[in-house]
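The values are calculated or read from the model by the stated rules, or taken from the named source; none is laboratory data. A quick note: this is a predicted structure, and the numbers were derived from the prediction, not measured. Neighbour counts run over all protein chains shown; Cβ positions are idealised from the backbone, glycine included. With ligands, DNA and RNA removed, areas are computed over all heavy atoms of the protein, side chains included. Shrake-Rupley method; radii C 1.70, N 1.55, O 1.52, S 1.80 Å.
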Amino acid sequence: MITADLIVEHARQLIPCAGPAPRRGSDQGQLTVIADGAVAASAGRIVFVGTTADLNRAVEPAADATRVDAREFSIVPGFVDPHTHAAFAGDRREELRRRLAGATYAEIAAAGGGIVSTVTATRAASETDLVEQTRVRLDEMLACGTTTCEIKSGYGLNLESELKMLRAVRSLAREHPIEIVATFLGAHEVPLEFRTERDRYLDCLVADMIPEVATQRLAEWCDVFCETGVFTPSESIRILTAGQAAGLRARVHADELGASGGSAVAARVRARSADHLIFVPAEGIAAMAAAGVTATLLPIAAFYLKLGRFAPARDLIAAGVPVALATDVNPGGGFSPSIPFAMTLACFAMNMTFEEALVAATINAAWSLDRADRVGSLETGKQMDAVLVNGDAINLIRVGGDAVAGVIKHGAWVTRAPVPAIEKT
């Protein structure tokens, strides 16, 4: 018999989202749904996944085990959010009011708003300030079911402030229930003081910032905003290859505001993920498929930025590109911390099925962060990261509904558990 210290049983639906990862093409929408399902864990690791009947034959509760009667709930893996800018200071909600009144992203940036506005506030903030402000956003994400996330730097745009941001992220990674993956995004924008000397800023990124981030082991990934008016494809390749040489793997902001060549850059450097892709051309999709690049789509950003279109998820899936979903939590256009909302937009604005969206928010998102070996699905040996959903799992896309009943991270309740359903053996 297997011994377990946490048993969740009698679930009306258990959806493991099992690998192999990543899921591509038609496999992205193929899910096993187990009725009267059960998951058991020991010391934070899953030891059993299956039916409650099989659980009773295979698993023995530990002396002080917690048992959850989940007959009113469904169980899905903890959500993985592979693209956020959750660490920042300042408030740009006034830009939202201007956008609602008709101002464009470019007009707001030209007036001194956008990224440079957040850079000013973030440079002025202390590391403690950044930790405290970011913690609030992480708490919101956790309440929506996110158990693993990525956080980028990119609002410092000088060595001192970028390192400060990444140290704040590291501090939160040590103390917050959400498992955090750090990305260096010094190439988020050219700071104002270098606008007439952009080559000097590129030299600073490659010669100073990337080596120092790598030396201090403050990030795992290197990202670049490859976009017209920001960083060109050739500049992006230079930055990302320098990151790879220093041990930082590549991610790319690609084809968000136009067909700017970011998807081709991602394929060229074999980035793990190309993100946004609202204007990705057919040749970019083909290149990504051939290079094994994940498409991380951010429909919440397209929604709040009022871009008038969303990424072509159906074309990406048809081409065999694995699709992941993320929130893009940020001060200017990522106003929702909710992966379920991202799933809702994926279904109703990008024509994905619920099953495809759930895979995109779990096992494929974990693959995007190179974490699919331990999170993103409910499989024996992986971390016990799970979301309990009130009723059927598809209730996750009922916007405004009380869908998330409880969240488990590494075998422990990290949000309010459904107390009446819990007992100690």
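Filter the stretch 66-94 down to the residues that are over 17 Å from G145 (Cα atoms) and aliphatic (A, V, I, L, M) and list them by number. Outline the logic, then answer.
Let us first name the residues in the stretch 66-94 that are over 17 Å from G145 (Cα atoms), namely 66-69, 71-72, 85, 87-94.
If the condition is that a residue be over 17 Å from G145 (Cα atoms) and aliphatic (A, V, I, L, M), then V68, A87, A89 are the ones that fit.
This table checks each residue for (1) in contact with a Pro (Cβ under 7 Å, 6 or more places away or on another chain); (2) closer than 21 Å to R23 by Cα; (3) open to solvent by less than 20 Å² (accessible area, probe 1.4 Å).
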residue	(1), (2), (3)
D199	no, no, no
I237	no, no, no
L240	no, no, yes
A286	no, yes, no
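Being open to solvent by 10 Å² or more (accessible area, probe 1.4 Å), in contact (Cβ under 8 Å) with a residue 60 or more places away in the chain and among the aromatic types (F, W, Y) narrows it down to one residue among F335, F310; which is it?
Numbers: F310 fails: in contact (Cβ under 8 Å) with a residue 60 or more places away in the chain.
Within the list F335, F310, the selection yields F335.
In the stretch 207-219, is there at least one residue being acidic (D, E) and touching a strand residue (DSSP E or B) at 6+ places or on another chain (Cβ under 6 Å)?
The initial filter retains those residues of the stretch 207-219 that are acidic (D, E), namely 208, 212.
Subsequent filtering for residues that are touching a strand residue (DSSP E or B) at 6+ places or on another chain (Cβ under 6 Å) retains none.
Within the stretch 207-219, none of the residues are acidic (D, E) and touching a strand residue (DSSP E or B) at 6+ places or on another chain (Cβ under 6 Å).
Could you list, in sequence order, the residues of the stretch 29-41 that are farther than 14 Å from E355 by Cα, open to solvent by less than 40 Å² (accessible area, probe 1.4 Å) and not β-branched (V, I, T)?
The answer is G37, A38, A40, A41.
For residues that are open to solvent by 10 Å² or more (accessible area, probe 1.4 Å) and touching a residue at least 24 places away in the same chain (Cβ under 8 Å), tally how many sit in the stretch 201-214. Explain how you work it out, then say what you get.
Taking the stretch 201-214 and keeping what is open to solvent by 10 Å² or more (accessible area, probe 1.4 Å), we get 203-204, 206-208, 211-212, 214.
Subsequent filtering for residues that are touching a residue at least 24 places away in the same chain (Cβ under 8 Å) retains 204, 206, 208, 211-212, 214.
Selection size over the stretch 201-214: 6.
Would you confirm whether any residue within the stretch 57-69 is within 20 Å of I394 (Cα to Cα) and hydroxyl-bearing (S, T, Y)?
No.
Determine which member of the set G114, G102 is of a type outside the set (F, W, Y), out of contact with any His (no Cβ under 6 Å at 6 or more places or on another chain) and crowded, with 17+ Cβ neighbours inside 10 Å.
Values: G102 fails: crowded, with 17+ Cβ neighbours inside 10 Å.
Just one listed residue meets the conditions, G114.
Checking R92 against (1) basic (K, R); (2) more than 30 Å from R195 (Cα to Cα); (3) in contact (Cβ under 8 Å) with a residue 40 or more places away in the chain, which single condition isn't satisfied?
(2) is the only condition that R92 fails.
Tally the residues that are charged (D, E, K, R), surrounded by fewer than 24 Cβ atoms within 10 Å (Cβ to Cβ) and in a loop (DSSP other than H, G, I, E, B), restricting the search to the stretch 248-275.
Residues flagged as charged (D, E, K, R), surrounded by fewer than 24 Cβ atoms within 10 Å (Cβ to Cβ) and in a loop (DSSP other than H, G, I, E, B) within the stretch 248-275 amount to 2.
Return the residue satisfying two criteria in turn: it lies in the stretch 356-409 and is within 15 Å of G145 (Cα to Cα), polar (S, T, N, Q) and not in a strand (DSSP E or B), and of such residues it is most open to solvent (accessible area, probe 1.4 Å).
Per the criteria, the residue is N395.
Taking the condition modelled with pLDDT of 95 or more and either surrounded by fewer than 15 Cβ atoms within 10 Å (Cβ to Cβ) or β-branched (V, I, T) (or both), does A124 pass?
Numbers: modelled with pLDDT of 95 or more: yes; either surrounded by fewer than 15 Cβ atoms within 10 Å (Cβ to Cβ) or β-branched (V, I, T) (or both): yes.
Yes, satisfied.
So which of V68, V80 ends up being within 17 Å of V407 (Cβ to Cβ), within 27 Å of the chain's Cα centre (by Cα) and in contact (Cβ under 8 Å) with a residue 60 or more places away in the chain?
On the way: V68 fails: within 27 Å of the chain's Cα centre (by Cα).
One residue alone meets the criteria, V80.
Right, E162: of a type in the set (D, E), farther than 25 Å from R374 by Cα, under 25 Å from the mean Cα position of the chain (by Cα) and open to solvent by less than 10 Å² (accessible area, probe 1.4 Å) or not?
Working: of a type in the set (D, E): yes; farther than 25 Å from R374 by Cα: yes; under 25 Å from the mean Cα position of the chain (by Cα): yes; open to solvent by less than 10 Å² (accessible area, probe 1.4 Å): yes.
Yes: the conditions hold for E162.
Under 7 Å between Cβ atoms, which residue pairs at least 6 apart in sequence (or on different chains) link something in the stretch 1-30 that is within 19 Å of P312 (Cβ to Cβ) with a partner that is part of a strand (DSSP E or B) and of a type in the set (A, V, I, L, M, F, W, C)?
Q28/V323
Looking at (1) within 21 Å of H85 (Cα to Cα); (2) in a loop (DSSP other than H, G, I, E, B); (3) open to solvent by 20 Å² or more (accessible area, probe 1.4 Å), which is the one condition that is false for D328?
Here D328 meets the rest and fails (3).
Quick one: T52 ticks every box in (1) out of contact with any Leu (no Cβ under 7 Å at 6 or more places or on another chain); (2) open to solvent by 10 Å² or more (accessible area, probe 1.4 Å); (3) more than 30 Å from S273 (Cα to Cα); (4) not hydrophobic (A, V, I, L, M, F, W, C) bar one, so which box is it?
T52 satisfies all of (1) out of contact with any Leu (no Cβ under 7 Å at 6 or more places or on another chain); (2) open to solvent by 10 Å² or more (accessible area, probe 1.4 Å); (3) more than 30 Å from S273 (Cα to Cα); (4) not hydrophobic (A, V, I, L, M, F, W, C) except (2).
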